[in-house]
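Each reported figure results from applying straightforward, stated rules to the coordinates on display, with no laboratory input. Since the model is a prediction, treat every value here as computed from it, not as a measurement. Every residue, glycine as well, gets a Cβ built from its backbone with ideal geometry; the counts of neighbours run over all protein chains shown.
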Amino acid sequence: MHNLLAVIMAAGKGTRMKSKLPKVMHLLAGKTLIEHVLDSVTQVGIERPLVIVGHGREEIETRISECAELVVQTEQLGTGHAVMQALPYLDGAKTILILSGDQPLLKAETLKKLIELHEVQGVSATVLTAYMEQPFGYGRVIKNGEFVTKIAEEKDASVDQRQIKEVNTGTYCFKGSALKEALAKITTQNAQGEYYLTEVFDVLIRNGEKVLAYCTPDSNEALGINSRAQLAQAEGILRERILDHWMSEGVTLVDPASTFIEAEVKLSRDVTILPFTRLMGKTLIEEDAVIGPQTSLENCTVGCGSEVTYTVARDTVIGERCHIGPFAYLRPGTRLEAEVKVGDFVEIKNSYVEMGAKIPHLSYIGDTHVGKSVNIGAGTITCNYDGVNKHPTKIGDYAFIGSNTNLVAPVEVGEHAVTGAGSTITKNVPARALAVERSPQVTKEHWHKQKDEIGG
Ligand code: UD1
Ligand code: CA
């Protein structure tokens, strides 16, 4: 028997989104709407909440089945009907928290206050409400003193009721037994012919039960995502929250207006983010690193004191005190140790670069192990693809790769070896050897004069 259980309603199609994705799978700051709600619920200490799914349930399942219990609502007959599907799993729960999967800005601290008020007051239900200057579309909360007497949906509300600015956020606490009894009595007699969860309050109040409201001071939390415009509005609000948070943690954002940081990114103190920079996914930036301007990092780690400028990188680990860019492109599987330099117009894919190596200009390095302090000359290309398979290249510590070398993989260049500029290396080069592969230079003296004589 559990004392506090949660149900998240997420079976609706989200018709107004006009999307092939189920509504709660749309992304906000890099995380799906439903994951934002799940995070807040988990933060109040509720494990494995029940999620009511219907439309697009396979997609939702693959994303969240590790942290939630899914309950299928085959036909979407309304929010009341959604919660009915969960009843068999709620037996014995003292308090039931109900949330909507499309309300991603709700904070865990607000949920804690809602639950606390509900339990301390010992009422049958408590509704999380907010004041909205433009309450259109939301259920209006009608009260008598501090007690809620009714929630009127937009489509069912009278002209007077529509003037009310205190709205139902779609988040509630119920006494388990009261919810179960009241749900059995709701009908579909309303403007939309649905089982409204909000009709439960009519039933409770008829039975003389008490319903309270907890009004959150941050009305943004009430924002329900029903359209793309609301999705963009939520993105803007969340973005500002994230930026404020990192500034309060000691990060310098030179221009917040052109800085985009997703929800799961982690930054350390004294990191500086320069304008027009976007940090995505599970990116982690360590102390004193300087990122930007014009840099986009997704699922990357950047070590202490590194500089990454005008760069695009994905699934890459950058060590300490590295210098990356301008105009570097680091692709998945790239791992750079400390003090590596990657300069302009360099692309690196699935490669391991050891400490102090330099790849300063105009190179493509793929499926390669670059040893310590290796210097790679401008224009060097690893020819890793033969049209069918990808092959590895290994460059030993302290090797010197001359400018414009083609390394035709699979191939190895030994420690301290040197390749001559312009060489196409197809055979392994032993340690400390020099490999030059190019035609001897032909120089014809007085060539220009000869051309003059034949009238050139
Ligand atoms: C609901 C509330 C309204 C409140 C608003 C806050 C009702 C009747 N109204 O309206 O008072 O102001 O939320 O955002 O509850 N869902 C299901 N199964 C269904 C129907 C809906 O799981 O059969 C899910 C949806 O996927 C969604 C949530 O319930 O995540 C809310 O449904 P939605 O249709 O968006 O309700 P609103 O009209 O916004
Ligand atoms: Ca909604």
> If the cut-off is 23 Å between C-alpha atoms, which lysines fall inside it for Lys13, apart from same-chain ones fewer than 8 positions away?
Replying inline: Lys23, Lys31, Lys155
>> I need Phe345, Phe174 ordered by Cβ neighbour count within 10 Å, fewest first.
In response: Phe345, Phe174
> Convex hull over the alpha-carbon atoms of region 36-179: what's its volume per residue in Å³?
Replying inline: 126
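Neighbour counts of other C-beta atoms within 10 Å: give me Cys67, Cys173 arranged from fewest to most. Walk me through the numbers before you get to the answer.
Values: Cys67 15, Cys173 26.
The fewest-first ordering by Cβ neighbours comes to Cys67, Cys173.
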> Taking region 348-456 on its own, what percent of its Cα-Cα pair distances exceed 16 Å?
Replying inline: 59
> Which whole-angstrom value gives the distance between the alpha carbon centres of region 281-344 and region 262-279?
Replying inline: 12
> How do Tyr195, Tyr138, Tyr172 line up, fewest other C-beta atoms within 10 Å first?
Replying inline: Tyr195, Tyr138, Tyr172
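Using only alpha carbon pairs under 8 Å that are at least six residues apart, calculate the relative contact order of the chain and give it in whole percent. It would help to have the intermediate numbers written out before the result.
On the way: 1180 pairs, mean separation 35.9, N = 456.
Relative contact order, the chain: 8 percent.
Please report the projected area of the chain's Cα convex hull averaged over all directions, in nm².
Values: hull surface 127.5 nm².
For the Cα atoms of the chain, the hull's average projected area reads 31.9 nm².
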> Where does the charge balance sit around Phe260 when Lys and Arg score +1, Asp and Glu -1, over other residues with C-beta under 10 Å from its C-beta?
Replying inline: 0
> How big is D for region 114-169, in µm² s⁻¹ as a whole number, if Stokes-Einstein is applied with the Kirkwood radius of its Cα pairs at 10 °C and 1.306 mPa s?
Replying inline: 134
>> Semi-axes of the equivalent ellipsoid for region 286-352, please: Cα gyration tensor eigenvalues, times 5, square-rooted, ordered largest first, whole Å.
In response: 14, 13, 11
> Among rounded, prolate and oblate, which fits region 79-141 when a ≥ b ≥ c are the square roots of the eigenvalues of its C-alpha gyration tensor, a/c under 1.5 means rounded, and a/b larger than b/c means prolate?
Replying inline: oblate
>> Can you compute the helix-only [θ] at 222 nm over the chain? Use -39500 (n - 2.57) per DSSP H run of at least 4 residues, normalise by all residues, nearest 500 deg cm²/dmol.
In response: -5500 deg cm²/dmol
> Nearest 10 degrees, 0 to 90: what angle lies between the long axis of helix 108-121 and the longest principal axis of the chain (Cα atoms)?
Replying inline: 20
